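Working notes, structure below.
The values are calculated or read from the model by the stated rules, or taken from the named source; none is laboratory data. As the structure is a prediction and not an experimental result, all values here were calculated from the model. Cβ sites come from the backbone with ideal geometry, for glycine too, and all protein chains shown count toward neighbours. Remember, those area values only see protein heavy atoms, side chains included, never the ligands or the DNA or RNA. Shrake-Rupley method; radii C 1.70, N 1.55, O 1.52, S 1.80 Å.
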Amino acid sequence: MQVSKGMIVVVDDDEDIRLALSMLLSNHGYQVLEASSPKQLARIVAQQLPQLVLLDMNFSRDTTSGGEGLEVLSQLTQQNIRTVLMTAWGNIELAVKGMQLGAADFFEKPWDNQKLLDVVDKHIYSSTELGSNAHRRATTKPAKRANAWVAQSPAMRQLEEMIEQVANTQASVLILGENGTGKSLLAERLHLLSNRNSAPFVSVNMGAIPENLFESELFGHVKGAFTDAKDARKGRFELAQNGTLFMDEIGALPNAVQPKLLRVLESNEFEPVGSSTTHSADVRIISATNADLNDMVESGNFRRDLMFRLNTFVLSLPPLRERKEDITLLATHFIESFSAKYQKAKLTLSDDVAILLNNYSWPGNVRELSHVIERAVILCRETEILPAHIMLPDDTQSKDERNSNVLRSLDDVEYDMITHALKKYQGHVSKAASALGISRNALYRRLEKYQLSKEDFEVD
């Protein structure tokens, strides 16, 4: 007897749609239940826990706006049930709104069977956490974090206009911004809004790769290619075929690997380490850094021709201190997310906390805000988060001093953050790197860059 790959509920008031999806998914090993209305779905969910729900956006009560579908989605999200939206209206704005409310993905009717199966496979895997092969580890689900995207401030609305123009092109994009601003989230958003969104989104942190493994990590290797190559391994380019490859901390790419990456970007061809077989790469490249690549080019640490291949479009993410209008919205999102994670009752943000958050300078940007709210949710035993739950470090800078920081170079800000973290953790590199949101290897490279020694910060 065939073991079911997972339980899926198809929710649509069109019987033909339900039948077609049920046959397709059943033939590929899934257990499929059907619901013709939100009420019927609620009865199913009350009795069984599906791995995935395929949810139509429009029902008989409201056949065009998607409001009823979004209402059901909100309920499913609160129950931590992974949901993929389907709509016949081709309305990308409605789909994106659904992603912001917690949907894992979406597809349009009529659908392509293989693409639909790829989407289902991807999210069934995510919900059950099965498998451990390299393809699964490398493929990120962009919708998973898309609901953290907030763009109400003028700076973010301006960025959104550029995203709309760039997302559905094949052009390479370079994302700039301080640590913690959400560069990986922006990369996922670009993929989500592109015509490659049904193919893999593969992310690799260049700052976390040992220097001798860069080529293998990007291009793969064959069995026996080097001492530890006991099995063949696919590289990130092959895993991202037809999709998007996001290279974070691109400034960490060693000089020796840069010509090889340039060759792939120019010819769309590569060879795995130890192989003479040429592979083709149909991959869109998005990269990100908080370093100044122009300075790296001038100092000989980055190839000028490679930089031009990467920066067809440059998108700059503003620091959180320059998007104050988004702080309360982001905090509210994080409260909802962490309340669900820690199984807390619905929490609200007090007015005093909102003022407190808006008056802080946020040197760690959105990542720091997320950590602050997570701690507050854990500490809160009431229904409202109060100032006593918010554990912010001393922020004694004057407003003029904080404004002057905006004009400082990224290197200066990075230097200050590294020295502050090392002082706080008394020279403990692993703890400092974790607080900064980078790997130990990346922090060691920055210590060398700024001629710092961890011993200078150790306490006897």
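Brief remarks follow.
- Checking PHE226, PHE237 one by one, the residue that is among the aromatic types (Phe, Trp, Tyr), crowded, with 22+ Cβ neighbours inside 10 Å and either assigned to a loop (DSSP other than H, G, I, E, B) or under 19 Å from the mean Cα position of the chain (by Cα) (or both) is PHE237 and no other.
- Members of region 436-451 that are in a loop (DSSP other than H, G, I, E, B) and of a type outside the set (A, V, I, L, M, F, W, C): GLY437, SER439, TYR450, GLN451
- Residue in region 221-241 that is under 23 Å from PRO319 (Cβ atoms) and at pLDDT 90 or above present: no
- Among residues of region 76-105 being crowded, with 23+ Cβ neighbours inside 10 Å and more than 21 Å from ILE44 (Cβ to Cβ), the one that is modelled with the lowest pLDDT is ALA95.
- Residue count for region 195-223, restricted to those that are assigned to a loop (DSSP other than H, G, I, E, B), touching a Ser or Thr at 6+ places or on another chain (Cβ under 7 Å) and within 30 Å of TRP111 (Cα to Cα): 2
- Applying the criterion of being within 11 Å of ASN179 (Cβ to Cβ) and in contact (Cβ under 8 Å) with a residue 24 or more places away in the chain to the residues of region 420-445, the residue that is surrounded by the most Cβ atoms within 10 Å (Cβ to Cβ) is ILE438.
- Single residue of region 266-308 satisfying the filter (open to solvent by 60 Å² or more (accessible area, probe 1.4 Å) and of a type in the set (S, T, N, Q)) that is nearest to GLY207 (Cα to Cα): ASN301
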